[in-house]
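Trainee: First the structure, which I've put down as structure tokens, then a few questions once you've had a look.
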Amino acid sequence: MNKKWFLIILPISWVIGRYLYKTPTAINGAKAIDFTAISAQGDSLSLSAVLKKGHRYILLDFWGSWCPPCRAEAPELVAFYDQFKSKQLEIIGIGIERDREKWLKAIEQLDLHWAYQVTDLKHFDSPVAKKYGVRVIPSKILLNHEGTIIAVNPTFEELRKMIN
């Protein structure tokens, strides 16, 4: 292969590879996989228990207290939640963490005031992250009231359109 083609193909394959790596393996239209993790209050919390509460939408927000992009998007996530909680949106924050105290401190500092925050302190070895194929954070998965995945890594603009 001539050098010119190599210089064209290499960057394109790198971009495609990065996109595929960043995208969780969850599939639109698939049933969400149930999980149980420890909440910020120290209780066991399962996705199925949250689904039974009748929320119209549940956003799984995979984030980390140590993650600069996660912290940077927190104000927009808080504003989004405040705007749509009246439309029966609930968020489950899933901490990709190793340190419980830093995680709890970040929840307070960032004013992540929705009811559900969980972590198992296994970082990316978290069974929850593995079930959904999350390898990069922040990552988001939107579920409907039946527990069906309706969006994988949507932007806030896309979320607003879906929920309105």
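The values are calculated or read from the model by the stated rules, or taken from the named source; none is laboratory data. Note that this is a predicted model, so its numbers are computed, not measured. Cβ sites come from the backbone with ideal geometry, for glycine too, and all protein chains shown count toward neighbours.
Trainee: So for the stretch 19-30 (the condition being assigned to a helix (DSSP H, G or I), of a type in the set (Lys, Arg), under 25 Å from residue 126 (Cα atoms) and modelled with pLDDT under 95), does at least one residue qualify?
Mentor: So the first thing to find is which residues in the stretch 19-30 are assigned to a helix (DSSP H, G or I), and the list is 19-22.
From what's left, of a type in the set (Lys, Arg): 22.
In the following step, the residues that additionally are under 25 Å from residue 126 (Cα atoms) were identified as 22.
Keeping just the survivors that are modelled with pLDDT under 95 gives 22.
Checking the stretch 19-30: at least one residue is assigned to a helix (DSSP H, G or I), of a type in the set (Lys, Arg), under 25 Å from residue 126 (Cα atoms) and modelled with pLDDT under 95.
Trainee: Condition (residue is among the small types (Gly, Ala, Ser), modelled with pLDDT of 95 or more and outside any helix (DSSP H, G or I)) applied to the stretch 59-70: is it met by at least one residue? Before the answer, list the steps.
Mentor: So the first thing to find is which residues in the stretch 59-70 are among the small types (Gly, Ala, Ser), and the list is 64-65.
Going one step further and asking which of them are modelled with pLDDT of 95 or more, we end up with 64-65.
Retained after the next criterion (residues that are outside any helix (DSSP H, G or I)): 64-65.
Looking for residues that are among the small types (Gly, Ala, Ser), modelled with pLDDT of 95 or more and outside any helix (DSSP H, G or I), one finds at least one in the stretch 59-70, hence yes.
Trainee: If you go through the stretch 49-74 one residue at a time, how many are in contact (Cβ under 8 Å) with a residue 24 or more places away in the chain, surrounded by fewer than 22 Cβ atoms within 10 Å (Cβ to Cβ) and not acidic (Asp, Glu)?
Mentor: Let us first name the residues in the stretch 49-74 that are in contact (Cβ under 8 Å) with a residue 24 or more places away in the chain, namely 50-51, 53-67, 69-71, 73-74.
After this cut, where a residue has to be surrounded by fewer than 22 Cβ atoms within 10 Å (Cβ to Cβ) as well, the list is 50-51, 53-57, 66-67, 69, 71, 73-74.
Add one more test, that the residue is not acidic (Asp, Glu), and what stays is 50-51, 53-57, 66-67, 69, 71, 74.
Count: 12.
Trainee: I've got another one for you. Looking only at the stretch 130-149, count how many residues are surrounded by 16 or more Cβ atoms within 10 Å (Cβ to Cβ) and closer than 23 Å to residue 56 by Cα.
Mentor: Count: 11.
Trainee: Among (1) modelled with pLDDT under 95; (2) within 26 Å of residue 54 (Cα to Cα), which single condition is residue 136 missing?
Mentor: Evaluating residue 136 over (1) modelled with pLDDT under 95; (2) within 26 Å of residue 54 (Cα to Cα) leaves (2) as the failure.
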